């Protein structure tokens, strides 16, 4: 087969595949590769020999990738490790919330006692109590950060599930999808809220606008 | 402006109970004792339509209705649109501040915040006290 015709044939087959299934399964690629290889049997120009070698290498690469993915037990990652990581993170949120509530109970009692003290002592107590309230911001912030990590894990789960399906293993993820943008969107946008694109959660230190930055920005509207 | 009515009802909205408790306690220290709570924009809106509030202090990131959606609902409601509305949120990006300002937010506090910042913003929005 002439090179131009061969190129057209490969292109036509790949295009047909992507049209018919929406995404290309590695098995389908192998099938195309084998079909193309069969069609060039006996045509031994130097270019065709090089193409033949490249396609063989591609087939070997895909087979190796399949074997490697089987070895890492991606199904176990989805069925065991990722859910366990999410559960552990959720437990952290629960534990810090419980501890924070207990801190509140204790500090609110101390604050009540302050009203029975001399004004100067009471002020010192109230100031200390206020600092404890301020410090308890951590529970909200860490909770939001952990929620971001859980969402990231859900996205990893979807992608691993897509990998499992592509390479022929049974998908173990609850989502059970093929990693489409729509499914990823569901994981990252639980409520489908109109201002979802503005919900970033707490920024990392050094990346966040400070209260002074925000005040300056607000003042620029006046 | 002077003479803030410390008997006014204040609605605080946040899906973290810890944050509701922090804000409630700090408001109590500042002399505001009539504080009601809601855990998202929808329940807050129902409370706002049921009772007169002098101030709303709301988080942004909540489900099913966010703080920004709540703010837009409040500003679009003839009876509620004048209520001062302070956003307290971990969302610190400029685009968030701009979106909130364009929606009519009265002031914006970024978490984690301290008592002095809360007091300062209350003074700015309600008047000195």
Of the residues in the stretch B:95-122, those that are in contact (Cβ under 8 Å) with a residue 40 or more places away in the chain and more than 7 Å from every other protein chain (Cβ to nearest Cβ) come to B:100, B:118, B:119, B:122
Give the number of residues within the stretch B:10-31 that are touching a residue at least 60 places away in the same chain (Cβ under 8 Å), at negative phi, assigned to a loop (DSSP other than H, G, I, E, B) and surrounded by fewer than 23 Cβ atoms within 10 Å (Cβ to Cβ).
-> 1
Hey, among B:37, B:102, B:95, B:91, which residue is under 15 Å from residue A:195 (Cβ atoms) and surrounded by 17 or more Cβ atoms within 10 Å (Cβ to Cβ)?
-> B:91
Condition met for residue A:51 (part of a helix (DSSP H, G or I), more than 14 Å from chain B (Cβ to nearest Cβ), modelled with pLDDT of 90 or more and farther than 22 Å from residue B:30 by Cβ) | no
Where residue B:3 falls short, out of the listed (1) surrounded by fewer than 22 Cβ atoms within 10 Å (Cβ to Cβ); (2) touching a residue at least 24 places away in the same chain (Cβ under 8 Å); (3) on the phi < 0 side of the Ramachandran plot | (3)
Scan the stretch B:74-81 and give yes if some residue there is part of a helix (DSSP H, G or I) and either within 11 Å of the chain's Cα centre (by Cα) or crowded, with 21+ Cβ neighbours inside 10 Å (or both), otherwise no.
-> yes
Just checking, which of B:92, B:128, B:43 is more than 10 Å from chain A (Cβ to nearest Cβ) and in a loop (DSSP other than H, G, I, E, B)?
-> B:128
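From the list B:5, B:15, B:50, B:34, which residue is away from every other protein chain (no Cβ under 12 Å) and at pLDDT below 95? It would help to see each step written out before you state the result.
Values: B:15 fails: away from every other protein chain (no Cβ under 12 Å); B:50 fails: at pLDDT below 95; B:34 fails: at pLDDT below 95.
It is B:5.
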Residue count, the stretch B:84-110, condition out of contact with any strand residue (DSSP E or B) (no Cβ under 6 Å at 6 or more places or on another chain) and under 21 Å from residue B:44 (Cα atoms), comes to 10
In the stretch A:93-130, what count of residues is obtained for those that are over 22 Å from residue B:27 (Cβ atoms) and within 11 Å of chain B (Cβ to nearest Cβ)?
-> 4
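When you scan the stretch A:93-191 for helices (runs of 4 or more DSSP H) that lie fully inside it, which ones turn up with 2 or more residues that are modelled with pLDDT of 90 or more, within 30 Å of residue B:117 (Cα to Cα) and in the same structural domain as residue A:81 (by TED's automatic domain parsing)?
A:119-135, A:137-166
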Which condition number in (1) buried (at least 16 other Cβ atoms within 10 Å of the Cβ); (2) away from chain B (no Cβ under 11 Å) is the one that residue A:139 fails?
-> (2)
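The values are calculated or read from the model by the stated rules, or taken from the named source; none is laboratory data. This is a predicted model, so every value here is computed, not measured. Quick reminder, even Gly has a Cβ in these numbers, built from the backbone with ideal geometry, and neighbours come from all protein chains shown.
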